[in-house]
Every structure is written in C-alpha cells, then in structure tokens.
Amino acid sequence: MKTLLSLHVLAGSFWLCWCTDPGAAQQFYDRTEYRKAIGALQPERSRDVAVLALAAKSYYMLGDFKKASELLERAIVQEPKRSGLHHWLGKSYGRRAETSIFITAGRWASKCRQAFEKAVELDPENVEAMSDLMEYYIEAPGFLGGGMDKASAMAARIGKLDPVEMHYAQARLAEERKDFMTAEKHLRAAADLAPRQMGRILDLAKFLARQGRVQESDAVFQRAARITPEDPKLLFAMAQAYVQNRRNLAEARQLLERFLAAPLTPDDPPRADAERLLRQARGS
C-alpha cells in the first residue's frame, strides 16, 4: 500500500509539472489564445507569482475580472512591493466596478484607486499606472476619491517623465474642461513628437471624430494608414469612428473583418469588442 501511494504521489507530481508550462503559456498569451494560456499555467495549483500574474492577465483579457483580481491578490501576498501587480489589480478592480451593480460598484472603484495609488507609490516612474490613475481622478466623483485637481497634479508628474504622454494627459484634462482647442493642440503635439507611434495619431483622429470633424478625422486616419495600413489598432479605430457616426458602415464591416482575421496581440483591442462593433455595423 505504501509503495502504491508513493507511485500515486509521484505520478501526481509529474502530471502537475507537465501541465504547468509557463513558456507555452506566454506564447499562447502573446497570440491572444488566453484560455490555452490558462490551461498551460494551471494557476489554481500554483504559488508562483509569474504564473499567477500571467493567468490573471489572461482572465482579464477574457473579461473574467473577478478571477483576475483574485489571482492578483494571491500574487501580491507573496510579492507586495511589485508595482506592476498592483497596477493590474487596479485595472481588474476598475472593470469590476464598471460591470457591477450600483450597490457594489463604489467599493470596487475605491479599491481600483487604492491599487493604482499603491502602484505609483511603489514605482514613481510607472507612467502607465500614473496615466490610469489620472484617468480615474478625471472620471470618478469626489466621494470616490476623484477630482480634477488630483488629475492635474498627476499630469504634471507624468510630464516630468514622458513628454509625449504629457501632451496626451494635458489633452484629456482640456477635453474634460470643454477646452477643445487646447485639447487638439496637445494631441497634435503628441503626434508630431512621436510620428511613428500609431496610438498617438489615432488619439488625434478619434478626437476629431468625436468633434464631428469627420473629413479632418479621415485625413488623419489616412496619415496613419500610410505608416502601417494593416495595423489592427488602425482597422479597429477607423471602424469604431464610422460606426459611432453612423457612416461608411459597409467599409466599417470590411475593416472589422480584416481586424478579426489579423494576427492580434494583447496590445490590440479585444476580439470581443470587434465582434460587438461588427454586430452594430450590421444593424443587429
């Protein structure tokens, strides 16, 4: 009986080792095959922070924000001073707030702010966390810790680290204050400073589309297309602008179909968002 038990334990250990494959999981994640990444990681059985973090990001990308936050909480217990973990935890709490009922939304929003603030405290040069925290301060009401004064202070800190991101931050503040001329000035400055960064050009194009300046918006989209015409971010952003303005819907459908056929990465918009937009473009 003792020998049989030892063999059983050994077999179980071998099975666990075989099933936990972080290298394969990272490849699955990079190809946006998030369910396969989770299957390769087996996070429920792991205490490895890297495994928990990658699994959490995979769940986040799948829209399971509860599971993502739970795994990140486990990871932070073991490594409480990693800024990136707190940043992703804040993102997960934020999405839980967005998708929760009113009674619990405020709780998750507050936890989102606290996690972002912790991420910035631990790494004062984490510009991504600072940008997300600034966005929180802009969007959240005062009783949940938001406020334009806080957002302005965070934008100033961002400006000391990244001049391109500084212009985007100032544009967000100006747009929130309805100072659209200043917002446009900063977005154009960001695009000029980083002429090869697709995201900066798209920020300007989307802003112009929101202002109803569709011809100018289309011209900026065409500028982006001359850089990388099949960039998934470009395809999605153009389609989104068309659908939101209820124009060029046939072209929007084609753009979204090209997007869904493209080799996507985690930095691209989620497939689920493109599928939802495609249904809107089809009128369903």
Assuming 0.36 nm per residue, please report the length gained on full extension of the stretch GLN254 to LYS178 beyond their Cα-Cα distance.
24.0 nm
Toy charge model, Lys and Arg Cβ at +1, Asp and Glu Cβ at -1: the chain dipole around Cα centroid in debye, rounded to 20, equals 580 debye
Taking amide H atoms as placed 1.01 Å from N in the peptide plane, list the residues 5 or more away in sequence, or in a different chain, whose amide H sits under 5 Å from that of GLN211.
none
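Let me check against my output: what whole-number percent is the relative contact order of region 101-148, with C-alpha pairs under 8 Å and at least 6 apart? The partial results should precede the final answer.
Numbers: 29 pairs, mean separation 15.0, N = 48.
Relative contact order comes out at 31 percent.
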In degrees from 0 to 90, rounded to the nearest 10, what is the angle of the helix 214-225 Cα long axis to the longest principal axis of the chain?
50 degrees
If amide H atoms are built 1.01 Å from N in the plane of the peptide, which residues on other chains or at least 5 residues away come under 5 Å of the amide H of GLN42?
none
When the helices in the chain are scored as -39500 (n - 2.57) per DSSP H run of 4 or longer and the sum is shared across all residues, what 222 nm value do you end up with, to the nearest 500 deg cm²/dmol?
-24500 deg cm²/dmol
For the chain, compute Rh as the Kirkwood radius over C-alpha pairs and then the Stokes-Einstein diffusion coefficient at 10 °C and 1.306 mPa s; write the answer in µm²/s, rounded to an integer.
76 µm²/s
Net charge around LEU122, counting only other residues with Cβ within less than 11 Å of its Cβ (Lys, Arg = +1; Asp, Glu = -1)?
-2
Have a look at ILE227, ILE76, ILE101 and tell me which one the Gaussian network model of the chain (Cα, springs below 10 Å) gives the largest fluctuation.
ILE101
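Expressed in nm to one decimal, what extension gain is obtained for the pair GLU33 and VAL77 from 0.36 nm per residue of sequence separation less their Cα-Cα distance? Numbers along the way, then the final one.
Details: separation 44, 0.36 × 44 = 15.84 nm, distance 2.75 nm.
Extra length available between GLU33 and VAL77 comes to 13.1 nm.
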Note down the nm distance, to one decimal, between modelled labels 7 Å out along Cα→Cβ at GLN211 and at ALA261.
3.5 nm
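Over the chain, what relative contact order in percent results from Cα pairs under 8 Å that are six or more residues apart?
On the way: 350 pairs, mean separation 26.7, N = 284.
Result for the chain is 9 percent.
Relative contact order for region 164-284: what percent, with Cα pairs under 8 Å and sequence separation of 6 or more?
Numbers: 124 pairs, mean separation 19.6, N = 121.
Answer for region 164-284 is 16 percent.
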Which ³J(HN,Hα) values in Hz, rounded to whole numbers, follow from the phi angles of region 116-132 under the Karplus curve 6.51 cos²θ - 1.76 cosθ + 1.60, where θ = phi - 60° and Gly and Pro get x?
4, 4, 5, 4, 6, 4, 6, 9, x, 10, 7, 5, 4, 5, 5, 5, 5
Quick one: putting +1 on the C-beta of Lys and Arg, -1 on the C-beta of Asp and Glu, what dipole do you get for region 38-165 around its Cα centre, in Debye to the nearest 20?
440 debye
Return an integer: the convex hull volume of the alpha-carbon atoms of region 166-265, in Å³ per residue.
97 Å³
Cβ-derived FRET efficiency at R0 45 Å, MET148 paired with ARG247, nearest 0.05:
0.85
Give me the angle, in degrees from 0 to 90, between the Cα long axis of helix 148-159 and the longest principal axis of the Cα atoms of the chain, rounded to the nearest 10.
80 degrees
Rounding to the nearest 10 and keeping the result within 0 to 90°, find how far the Cα-based axis of helix 249-261 lies from the longest principal axis of the chain.
30 degrees
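Only the coordinates and a few stated rules stand behind these numbers; no lab work does. Owing to the predicted nature of the structure, the values given are computational and were not obtained by experimental measurement. Counting neighbours? That spans all protein chains shown, and the Cβs are built from the backbone with ideal geometry, glycine included.
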